[in-house]
Amino acid sequence: MSGKERLPVRGAQGDLLRLVAGGHAESRAELARLSGLAASSVSLRVEELIDSGLLVEEGSGASRGGRRPRRLRLSPTAGLLAVADLGAHHVRLGLLDLSGTPLVIEEHPCDINRGPEAVLDWMADVFDELLERHGRDGSSVVPLRGIGTGIPGPVDPASGRVVSPSRMPGWNNFPVAEHLGRRYDLPVLVENDANLMAIGEARAWPGCDNLMVLKAGTGIGCGVIVEGRLHRGRGAAGDISHVRVRTDSSVTCSCGHSDCLEAYASGAALMSALAEQGITVRRPAGIVTSVDDGVPEATALVRNAGRLIGEVLTVLVNFFNPDAIVVGGSLSAAEPLISAIRAAVYERCLPLATRDLEIAVTRVGRDAALLGAGSLLLDAALAFESTHG
């Protein structure tokens, strides 16, 4: 945590819990110093966390010349968070403890075209299996505190409904949060996958309060962090996939419009373009393999995709002036993609906008969205506990 960061009142319990669980603080005095909250406010919130069974206070910590403080730590039975990152052809899901530390993460094939009920019910079955295997500390059942899932399409954050997704037939206006909530009497968080990736990635970029986190996989998405907080706008902030780009040809996008960025630069578009040249690739990761193997057609397409993405980002960089652009998703492992993005942005943007700009691949990796879901879900779980406890 940088010296200039101060925790807002909203979500303060979650932030205090994370400081203890992450080993950054073990006393009320240290929490007050790191959070910037008044000692009385910290004491009140700590008491609430102890009463909820999330923290325990015991023993004595190290003295700094006065009375030895009582030591705070996360309760071993504080609870678990079940999180998922749903993709077009697979899902990564797992269990986190309340500090956001992954306890188990698995990846399974999953066809999103099966429809929301089939996919979500199957996903819940997997969660139940994970809880059966890992939700015990050896002597007692560790409670599940909440469910969080990332969706590869626009999500209304207030209702937890999917809104006009271009690659998710049958999902439009489906109440994902309500559907899962009927199975689990717990808080359910539903958010766009790129937004969750941005939240999870932001913690790995200390000192960078303004980030653009690009997800380049089967589709294209972007999460925006402003002053250290996720910027949702009305729910579609950062959705660059349907920005129109200029090319020598015209292609109809899955959204129905022509010449969208996703129609040329997404993993799905690149796989289709390779198929037209007689090269079969079934997953975006296979495109990266083809590039690494020196397949010229794949390299050319990936480089062109990077150029188009970079041209779209150029407008946003000049407008927003982020500290960094972080690229994740399956295609981020393709070096020509990153190089082409850098070339376009650095060449076309104002020098002042790029003087200290860093363009880099993800520091967190494939689990960024899961960690982001855990971060948001913890605050929702604490709010639920305070009203239902």
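The residues neighbouring Y184, those whose beta-carbon lies less than 14 Å from its own, together hold a net charge of -2 under the Lys/Arg +1, Asp/Glu -1 convention. Per-residue extension of 0.36 nm, minus the Cα-Cα distance of D323 and L352, leaves a gain of 9.3 nm for this segment. Across segment 173-330, Cα pairs under 8 Å and at least six residues apart give a relative contact order of 23 percent. Compared with the dominant principal axis of the Cα atoms in the chain, helix 116-134 is inclined by about 40°. Extension gain for C255-E335 works out to 25.9 nm (0.36 nm per residue, less the C-alpha to C-alpha distance). Spatial offset of segment 177-226 relative to segment 69-89 amounts to 17 Å, using the alpha carbon center of each.
Within segment 70-86, list the residues whose amide N lies under 14 Å from a label point set 7 Å along Cα→Cβ of R33. Zone members listed by number: 70. Think of a 1.4 Å ball rolled over the protein heavy atoms: segment 181-334 then has 44 Å² of accessible area per residue. These residues, R234, R45, R246, R161, go from largest to smallest accessible area, 1.4 Å probe, as R234, R246, R161, R45. In the chain, the DSSP-assigned H stretches of four residues or longer account for a calculated mean residue ellipticity at 222 nm of -12500 deg cm²/dmol, using -39500 (n - 2.57) per stretch and the full residue count as denominator. Under the criterion of Cα pairs below 8 Å and six or more residues apart, the relative contact order for the chain equals 15 percent. Under the simplified labelling scheme, the E132-A285 pair shows an inter-label distance of 2.7 nm, with each label point 7 Å from Cα along Cα→Cβ.
Length gained on full extension, S41 to E58, computed as 0.36 nm times the residue gap minus the Cα-Cα distance: 4.1 nm. Could you check how much of the accessible area of segment 74-150 is carbon and sulfur, as a whole percent, using a 1.4 Å probe? Carbon and sulfur together cover 48 percent of it. Note on segment 97-161: the alpha carbon radius of gyration divided by the globular reference 2.2 N^0.38 Å gives 1.31. In the chain the Cα-Cα distances spread across 20 Å bins starting at 0 as 27, 54, 18, 1 percent of all pairs. Note on segment 330-384: dipole from Cβ charges, positive end direction compared against A360, A340, G374; the farthest Cα belongs to A340. For segment 297-316, backbone nitrogen atoms closer than 19 Å to the point 7 Å from R244 Cα along Cα-to-C-beta are found at 308-316. Measuring r between the beta carbons of R229 and V315 and using R0 = 25 Å, the FRET efficiency lands at 0.65. Of the listed residues S332, S43, the order by accessible area with a 1.4 Å probe, largest first, is S43, S332.
The values are calculated or read from the model by the stated rules, or taken from the named source; none is laboratory data. If you're wondering where the values come from, they're calculated on a predicted model, not measured in any experiment. Neighbour counts are summed over all protein chains in view; Cβ atoms, including those assigned to glycine, are modelled from backbone coordinates with ideal geometry. Side chains included, ligands, DNA and RNA excluded: accessible areas come from the protein's heavy atoms. Shrake-Rupley method; radii C 1.70, N 1.55, O 1.52, S 1.80 Å.
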